[in-house]
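Below is one structure, written out as structure tokens; comments come after it.
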Amino acid sequence: MWQERGLTCGAFLINGKREVTVNGKKLSFLRSTTMSGWTLGQLKAAVAAEIARPRPARAAAPKKPARPAKQTVIHVTVPCGLAGPYGEIVHLFRARHPEIRVTTAANGIVAMLNQLRDNKMTSDVFIALGLRELDDPAAQKRLVSGSITPIATIPLALVVPKANPAGIHNLEDLTSPKARTVLTYTPNLSGGYGARQALQEAGLWDRINSKIVTPKVPDQCKQMLKTGKGQAAIIYSTCLKESYLPDKPPVIEKDLKVAQMIPQNLYSPVVIGGAVVKTSKHPAAAKTFIDFLRSEAAMKVWLDWGFTRLPGA
């Protein structure tokens, strides 16, 4: 506003100034009786003189930061049991692939499978705790054919309470009368299928199958064992160090311990698998992310969290 600049009605600003020098004489172009007014000739001369005056070199305008290229956004659904290493791997992926932004939903594997089968999965990538979970035809028809990719393996272990009141140290001890309840996953899940395989291969299934309890929710195996509702469990060894959400520190189980790692020759490897969901709008970016999950950089993270390499890798 001209009032805020200290001007009066009828004043001129010449190149932002209200007082300029013309032929050694200072002129203020204000319509004011105290300043003797102005003439059109003076105004023209002042403007011409201002135009002719040498200008200092203008500093170069600072460069605007380059706008990041448009990112492709992919959504990944991951089981809670993998959230810890998965979160670290996502950070590595972002550094290698800034053109792809990853968003995540962590959920229980049973709920994830139900969403997939019911065609309610809105993710681009589906990660399963085991390939057996993806054998279901209802699940397979929701995935891009040929996109299922093995990533790493999850060891099974015989886990007992820290105090181990039943004195269970190996699979053979499960035949003891003190081992009244043995917990494991349902056989339609890779871990439960592997547990049954191991007991059959060890020649123990027929002797203890009446003791086996399989909660509907996999994580309940661990919770029931901690609360005295079982004397032992055959579960993933990684369950004793896990984070239920990406970017959260691991929770170390202090009330449970591994009595025995299940010998690998007793059961088929439990293989983590990633697949592109058929409804994905960005299947190429989804595949790029899945491939990174099995890269050597990612494998270092899997190993740090207690997972193992694929057979023969």
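The values are calculated or read from the model by the stated rules, or taken from the named source; none is laboratory data. The structure displayed is predicted, hence computed values, not measured ones. Here Cβ is always computed from backbone atoms with ideal geometry, including for glycine, and neighbour counts include all displayed protein chains.
A few remarks follow.
- When the range 91-111 is filtered for residues that are farther than 16 Å from Phe289 by Cα and part of a strand (DSSP E or B), the ones remaining, listed by number, are Ala106, Asn107.
- Among all positions in the range 204-223, there is no residue which is outside the structural domain of Thr77 (by TED's automatic domain parsing), modelled with pLDDT of 95 or more, buried (at least 16 other Cβ atoms within 10 Å of the Cβ) and small (Gly, Ala, Ser).
- Selection of the range 167-198 for residues being touching a residue at least 60 places away in the same chain (Cβ under 8 Å) and of a type in the set (A, V, I, L, M, F, W, C) yields Ile168, Leu171, Leu189, Ala195, Ala198.
- Residue satisfying all of: in the range 92-147; of a type in the set (Asp, Glu) and surrounded by 21 or more Cβ atoms within 10 Å (Cβ to Cβ); farthest from Gly273 (Cα to Cα) among these: Asp124
- Members of the range 65-119 found to be in contact (Cβ under 8 Å) with a residue 40 or more places away in the chain and of a type in the set (Lys, Arg), listed by number: Arg96
- Contacts under 8 angstrom Cβ, first residue in the range 237-260 being over 15 Å from Trp305 (Cα atoms), partner of a type outside the set (Phe, Trp, Tyr) and surrounded by fewer than 14 Cβ atoms within 10 Å (Cβ to Cβ), 6 or more apart: Lys254/Lys162; Asp255/Lys162; Leu256/Lys162; Lys257/Lys162; Ala259/His169; Ala259/Asn170; Gln260/His169; Gln260/Asn170
- Qualifying residue in the range 145-163 (condition: in contact (Cβ under 8 Å) with a residue 60 or more places away in the chain, assigned to a loop (DSSP other than H, G, I, E, B), over 28 Å from the mean Cα position of the chain (by Cα) and outside the structural domain of Gly81 (by TED's automatic domain parsing)): yes
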